[in-house]
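Below is one structure, written out as structure tokens, with a few remarks after it.
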């Protein structure tokens with residue numbers, strides 16, 4: 001008996017960037033690369049069947065933390081500036097990808113009660129009768145146990161990856177090409193007193209953005225920007241090279257268990273490496 005994941009009502013969806021500004025911001029000397037956004041949802045339930053589920057039948061209430069952990073499992077940045085040697089920045093090791101202000105590290109972020117409501121993590125009290133949100137649980141005076149509601153039953157999070165870099169290194173050295181490849185993986189993880197268990201996962205996927213200027217500046221002192229083109233797309237798996245012409249989004253679905261690799265839950269956050 002214990003908590004199970006309802007795969008039929010769990011999903012990951014990809015959307016075009018929420019905001020897609022002009023990539024080249026001359027005033028602030030910035031180049032902005034906005035990638036696909038994605039929304040992840042895991043649906044759970046309590047099942048009394050002794051043969052399935054995670055949790056078992058503890059004699060007393062147990063305090064758990066359950067939620068979504070997101071890793072950046074690979075990342076590569078490529079830059080080319082006028083009169084400069086092209087250079088790459090590559091991160092091959094998986095790291096935790098979570099909110100800098102998150103109180104629930106290594107889980108991806110904090111619950112947000114404002115619409116659209118997100119519940120990336122929750123503390124619960126669990127026993128053989130089910131579970132309840134610890135912040136909302138009522139104590140039964142006769143049993144001194146939390147009244148079980150089996151809520152929350154949905155954990156969700158959203159992300160909008162991007163990168164802001166320098167448009168110019170000097171008056172003459174304006175950007176010619178920039179590439180960003182970021183590979184992600186997510187897990188629904190339960191931390192119980194006796195064990196930590198990955199209940200389900202989203203397989204690895206990669207978001208890609210490339211930008212390239214197609215004309216030269218008329219003058220080194222020009223406040224205008226050259227003509228340019230760009231593209232953003234996503235692919236299944238860990239991708240380490242940009243295609244010259246890409247389109248579409250990953251076609252992946254949640255799966256039970258931990259997958260090929262366990263989530264990284266310690267160490268530096270992904271956005272502290274760049």
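Which order, highest average first, do 44-53, 148-157, 261-270 follow once you tally other Cβ atoms within 10 Å for each residue and take the mean per peptide?
In descending order of packing, they fall as 148-157, 261-270, 44-53.
For a protection proxy built on the mean count of beta-carbon atoms within 10 angstrom, sort 109-115, 200-206 highest first, please.
200-206, 109-115
Starting with the fewest neighbours, write out 158, 173, 245, 98 ranked by other beta-carbon atoms found within 10 Å of each beta-carbon.
Numbers: 158 18, 173 15, 245 7, 98 25.
Ordered from fewest to most neighbouring Cβ atoms within 10 Å, 158, 173, 245, 98 come out as 245, 173, 158, 98.
Label points 7 Å out from Cα along the Cβ direction at residue 135 and residue 105: separation in nm?
Computed distance between label sites residue 135 and residue 105 equals 2.0 nm.
Going by how many other Cβ atoms sit within 10 Å of their own, how do 27, 95, 18 line up, fewest first?
Final ranking by Cβ density, sparse to dense: 27, 18, 95.
On a C-alpha basis, how far is the centre of the stretch 107-139 from the centre of the stretch 15-69 in Å? Whole number, if you could?
First find each Cα centre; the distance between them is then 14 Å.
In Å and from the alpha-carbon atoms only, list the Rg and Dmax of the stretch 2-272.
22.5, 82
Largest first, please: the extent of the C-alpha atoms of the stretch 1-62 along each principal axis, to the nearest Å.
64, 26, 12
Computed from the coordinates by the stated procedures, all read-outs in this text should not be read as laboratory data. The shown structure was predicted, so the numbers you read here are calculated from the model rather than taken from an experiment. All Cβ positions, glycine included, derive from the backbone under ideal geometry; neighbour counts span all protein chains shown.
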